[in-house]
Amino acid sequence: MATVGIFTSPACSLHDMGDEHPESPARLDAIHDQLLSSGIEYILRFFDAPQATRAQLQLVHTPEYVESIFARAPREGIEALDEDTRMCPHTLNAALHAAGAAVNAVDKVIVGEIGSAFCSVRPPGHHAERDKAMGFCLFNNIAIAAAHARAQHGLERVAILDFDVHHGNGTEDFVAGREGYLLCSSFQSPYYPFTGTGELPDNILNTPLEAGTEGAVLRELVANQWLPALEKFQPQMLFISAGFDGHIEDTMAQLRFREDDYRWVTEKLREFADAHCAGRIVSALEGGYALSALGRSVVAHLKGLIGS
């Protein structure tokens, strides 16, 4: 049974884009409530995430973009970065802790303090491009973590697996054509951000899904496409953009996944990591807006990371 660390920060609950915004502080509360009610909390290790440094952010983002986010952080009120992505006075601190959680998780997993990690953080990250905030995302937490694993710990090959209902355009923006990285991504298509279906470099494997797709199709794609791609690439560590907005109860989109599907996919990735990556996995929360389904799905994901 692998020891799984949970990385979070109280700062992440202070980021608030307004009462009607689906990416709300209640998401982290729902996850914590399900950790308690499921009893799984007692076999996890909890870590208070530090802030990421500017140098760590700039492993993925341009210095000019990082400076612009610092400069636009409001002292009061709301600053709109785009129609979906807003900053309140607490947002910059939350985003720094969210990215810092992923970086710190890498450090603890690689030195063997824990077997794998889940970052229960917000704002999410996989839509954030090298020089652009969008889709609720400021800094690309999982891409920063993967880049940190290579830059700080000398890993030569890392793989990112993304099963959010929306295409991780920001992660693709960073990874595409970049040596040492593989990205495998499933998402509803056509759907926001309406990317991920054009001609792709060899290190990007996108598996777009039609509205109404059920979990059996996701499992088939993972078994027949993702796992063979991982076998060929032979990564030294896995990174997961864990979006749970494909759940059948989530009205953000129209996929029909259930908790057991998320656990199955996670178990397959953990089995691969155990065989090829010394068990090393860092996962970070992306989407998931139906609060009960989100909490249950995270518990299923964590059970997949823990194993038996």
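Taken together, the values in this text are just the output of simple stated rules run on the coordinates, not laboratory data. No experiment lies behind these values; they were computed from the predicted model shown. So basically every Cβ, Gly included, is an ideal-geometry build from the backbone, and we count neighbours across all protein chains shown.
Some observations on this one:
- Which of W226, W264 has the fewest Cβ neighbours within 10 Å, and the rest in rising order: W264, W226
- Each part gets one Cα centre, and for the range 73-141 versus the range 157-203 those centres are 18 Å apart.
- Look at C88, C277 and count the other Cβ atoms within 10 Å of each Cβ; fewest to most, that gives C88, C277.
- Exposure proxy ranking, count of Cβ atoms within 10 Å, fewest first, for S189, S116: S189, S116
- Cα gyration tensor, the range 97-154 - rounded (a/c under 1.5), prolate or oblate: oblate
- Overall form of the range 255-306 per C-alpha gyration tensor (a/c, 1.5; a/b vs b/c): prolate
- Taking label points 7 Å from Cα along the Cα-to-Cβ direction, S292 and R75 give a separation of 4.5 nm.
- Most fluctuating residue given options D245, D274, D202, as computed from a GNM of the chain linking Cα atoms under 10 Å: D202
- Label point distance in nm, Q254-H21, each placed 7 Å from Cα along Cα→Cβ: 2.8
- Shape of the range 81-211, Cα gyration tensor, a/c cut at 1.5: oblate
- Candidate values (i) 51, 44, 42; (ii) 49, 41, 40; (iii) 58, 52, 37, label of the one derived for Cα extents along the principal axes in Å: (ii)
- Here the range 142-171 is scanned for amide nitrogen atoms under 14 Å from the site 7 Å beyond the Cα of E220 along Cα-to-Cβ, giving none.
- The chain: calculated mean residue ellipticity at 222 nm from DSSP helix runs of at least 4, using -39500 (n - 2.57): -11500 deg cm²/dmol
- Candidates D107, D19, D48: whichever shows maximal mean-square fluctuation once the chain is modelled as a Gaussian network with Cα springs under 10 Å: D19
- With a threshold of 27 Å on the Cα-Cα distance, the over-threshold entries among K132/K303; K108/K268; K132/K268 are K132/K303; K132/K268.
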